[in-house]
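**Q** This is the structure I want to talk about, given as structure tokens.
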There are 2 protein chains.
Amino acid sequence: MNEFDFIRHYLSSNNTDCELLHGIGDDAAIVRFSADFDYHISTDMLIAGRHFFSDIAPDDLAYKILAVNISDMAAMGAKPKYILLSAAMPKLDKKWLDLFFASLHKVLNDYQIKLIGGDTVKGDFVFNVTIIGQTPKGLALKRNGARVGDDIWVSGYLGLAAVALLLEQEKRNLSGSLKNNIQDIIRLPENILSQCTNKLLRPVPQIQLGQALLNIANSALDCSDGLLQDLGHILEKSQKNAVIYLDKIPSIPELKSFSDYPQWILSGGDDYELIFTADKQQTQQIQKISQECCIPLTKIGTILDRENSVLCRVLDTENGQEIKLDKLGFDHFS
Amino acid sequence: MNEFDFIRHYLSSNNTDCELLHGIGDDAAIVRFSADFDYHISTDMLIAGRHFFSDIAPDDLAYKILAVNISDMAAMGAKPKYILLSAAMPKLDKKWLDLFFASLHKVLNDYQIKLIGGDTVKGDFVFNVTIIGQTPKGLALKRNGARVGDDIWVSGYLGLAAVALLLEQEKRNLSGSLKNNIQDIIRLPENILSQCTNKLLRPVPQIQLGQALLNIANSALDCSDGLLQDLGHILEKSQKNAVIYLDKIPSIPELKSFSDYPQWILSGGDDYELIFTADKQQTQQIQKISQECCIPLTKIGTILDRENSVLCRVLDTENGQEIKLDKLGFDHFS
């Protein structure tokens, strides 16, 4: 199989769409965008050994590559519309590619996203996705809109992906000094472990929730690098401070007895839940959205005036001690 | 320097643009596209050792990464508007980055393109550019419009980048069996060698020409993988055949005495000239465009009816012998 066979076989789409005038097979796709919407464009590069294990199953890989990008659209309250995929691969292995692209096209289909461009090169596994989504004019959720007194909300449960990452590292003998902690994790009930693993391999982008929060939330982003680091982006862009309460952060009860639990929920990445802020008066509306979207939404703290250099204080309960953490998240060059 | 410092320092742009509502620093850039234009989107991944030498100067690298993508817009007759850049880099070396981004922003400025998104990860050098351009509604140049009797045109001169590639390989002791040929190439006049090297390192995307050809050309693309392979894409998409004449293909006279000359001009990639087809009646108009754009435009052959499996015949002159070539261009997985 050569490059052109590859494009014909795996990247062609038979979707018809009045906006997509010309798809894969020319120098560029042609899209006639609508005047009634704003369009959101972001790009993400994913590298073997850094963003995913080199031996990841091809269907899980395709899922995750798309999910993390779709999640960026959820964070803007946008409806994902188009993607472009570049892939560096060591060889064109038909069995591997069949599994990868079956999973990719399933996700695209589930979210009604069109693949409009691609590139393939020979090399170690690297994937780059560019995604384009839309919101009604002027309504997008952004990081810079948090207001003093806003409640801070988080969707779903945090810390599960961090636990799953430890398990996956242990499987590959990469866990090192964390070994003792791992032995206790491994003894957790099977259903808890698979819930964690599923969260790492198959995170669900909160697309429906993001769109429901348009006109409701004042700021939002998706939690990819850890709660404190990601909330920090909202605080930095909004020029605000915050306080959050450890005991209010939603997770699963079985994880709470571990000494590393605070780190998992505060600094563990890969959960892809939405963090958002909203006026207290929106509480009832947000609880209604929680029911409609079938996703728990939990208040974990409050936005405060910008006062000093500590952007976010973490208390263990509303009346409790302040928690100090050295490492607040994931820096891709640390 | 961490990832966020990097984004602030190198990827932020102070451009203001009513269409670009929200730039780098959120989950996605927001663009309000105009209803009067079609938008062209393409993506390209470039890998060290495959698309560029690992020791390439950072300013040349930034130039080339953009030029090959801007060239895709030229091939559609589009005006480039926005790019998103993902970069995997082994480390954030300030001196290297300063040179790379000074060059990158100079090119963006020269072509009035806005950088609206980016991603950085740690890894061996890989770059991915997504570019978005515009044409007036319905006017884009495509590969599938060639008609029987169309003249086949090419801009500029071909084969120079292929010669430069041999020189660069020789510098790095990668030329192998081509050594003898190389000794003759090295003895070419200095100004010829630097003309070739400049073509490889600093190809000029034919943006002005592409836009001038709207309403004139029936089909077009840019010559990146070699004349025969790229013309083959036009023929395949247009369901046509073609004949081209070796002696009409424009190159520089000093290269013509080499035994590999036919291969350089027919199969050498990296020239980034435009190949296009147009009705014979457009000849005078095309000659006028050539003068206005200050670029030679040369007729090299004719589009024929689809007859058999040989898509493109190459004759050495209009009355001469047919030329057989085994390898028609560059396949990224060959």
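The values are calculated or read from the model by the stated rules, or taken from the named source; none is laboratory data. No experiment lies behind these values; they were computed from the predicted model shown. Here the Cβ positions follow ideal geometry from the backbone for every residue, glycine too, while neighbour counts run over all protein chains shown.
**Q** For the list (1) closer than 26 Å to A:ASP93 by Cβ; (2) in contact with a His (Cβ under 7 Å, 6 or more places away or on another chain), I need the number of the one condition that A:ILE47 fails.
**A** Only one criterion is unmet by A:ILE47, namely (2).
Table: residues versus (1) of a type in the set (D, E, K, R); (2) touching a helix residue (DSSP H, G or I) at 6+ places or on another chain (Cβ under 8 Å).
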{"residue": "B:ARG32", "(1), (2)": "yes, no"}
{"residue": "B:ILE47", "(1), (2)": "no, no"}
{"residue": "B:ARG50", "(1), (2)": "yes, no"}
{"residue": "B:ASP59", "(1), (2)": "yes, yes"}
{"residue": "B:ALA62", "(1), (2)": "no, yes"}
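**Q** Tell me, which residue of the range B:133-150 that is of a type outside the set (S, T, N, Q) and surrounded by 21 or more Cβ atoms within 10 Å (Cβ to Cβ) is farthest from the other protein chains (Cβ to nearest Cβ)?
**A** B:ASP150
**Q** Give the residue that is nearest to B:THR43 (Cα to Cα), with candidates limited to residues of the range B:106-132 that are at the interface with chain A (Cβ under 7 Å from one of its Cβ atoms) and in contact with a His (Cβ under 8 Å, 6 or more places away or on another chain).
**A** Applying the filter and picking the extreme gives B:THR120.
**Q** Regarding the range B:101-110, can at least one residue be identified that is under 17 Å from the mean Cα position of the chain (by Cα), of a type in the set (Val, Ile, Thr) and under 15 Å from B:PRO80 (Cα atoms)?
**A** Yes, some residue in the range B:101-110 is under 17 Å from the mean Cα position of the chain (by Cα), of a type in the set (Val, Ile, Thr) and under 15 Å from B:PRO80 (Cα atoms).
**Q** If you take just the helices (runs of 4 or more DSSP H) that sit entirely in the range A:172-286, which of them hold at least 2 residues that are of a type in the set (Val, Ile, Thr)?
**A** A:179-186, A:190-201
**Q** Is there a residue being within 21 Å of the chain's Cα centre (by Cα) and within 28 Å of B:PRO296 (Cβ to Cβ) anywhere in the range B:86-93?
**A** No, the conditions are met nowhere in the range B:86-93.
**Q** I would also like to ask the following. Is it true that A:VAL154 is under 18 Å from the mean Cα position of the chain (by Cα) and within 22 Å of A:ASP59 (Cβ to Cβ)?
**A** no
**Q** Looking at A:LEU97, A:LEU92, which is the one that is within 14 Å of chain B (Cβ to nearest Cβ), surrounded by fewer than 23 Cβ atoms within 10 Å (Cβ to Cβ), in a loop (DSSP other than H, G, I, E, B) and at negative phi?
**A** Exactly one of A:LEU97, A:LEU92 is within 14 Å of chain B (Cβ to nearest Cβ), surrounded by fewer than 23 Cβ atoms within 10 Å (Cβ to Cβ), in a loop (DSSP other than H, G, I, E, B) and at negative phi, namely A:LEU92.
**Q** Quick check: is even one residue across the range B:226-245 acidic (Asp, Glu) and more than 28 Å from A:THR120 (Cα to Cα)?
**A** Looking through the range B:226-245, none of the residues is acidic (Asp, Glu) and more than 28 Å from A:THR120 (Cα to Cα).
**Q** A further question follows. If we scan the range B:54-74, do we find a residue that is modelled with pLDDT under 90 and assigned to a strand (DSSP E or B)?
**A** no
**Q** Using the structure shown, decide if B:ASN180 is of a type outside the set (Asp, Glu), within 22 Å of B:MET76 (Cα to Cα) and at pLDDT below 95.
**A** no
**Q** Another question, if that's okay. Among the residues of the range B:233-254, is any surrounded by fewer than 22 Cβ atoms within 10 Å (Cβ to Cβ), touching a Pro at 6+ places or on another chain (Cβ under 8 Å), more than 14 Å from chain A (Cβ to nearest Cβ) and within 22 Å of B:LEU139 (Cβ to Cβ)?
**A** Within the range B:233-254, none of the residues are surrounded by fewer than 22 Cβ atoms within 10 Å (Cβ to Cβ), touching a Pro at 6+ places or on another chain (Cβ under 8 Å), more than 14 Å from chain A (Cβ to nearest Cβ) and within 22 Å of B:LEU139 (Cβ to Cβ).
**Q** If you don't mind, there's one more thing I want to ask. If I ask for residues that are within 12 Å of chain B (Cβ to nearest Cβ) and not small (Gly, Ala, Ser), which ones from the range A:53-78 would you list?
**A** Answer for the range A:53-78, where residues must be within 12 Å of chain B (Cβ to nearest Cβ) and not small (Gly, Ala, Ser): A:VAL68, A:ASN69, A:ILE70, A:ASP72, A:MET73, A:MET76.
**Q** Right, next: Taking the condition of being touching a residue at least 24 places away in the same chain (Cβ under 8 Å) and part of a helix (DSSP H, G or I), how many residues in the range B:136-171 meet it?
**A** 11
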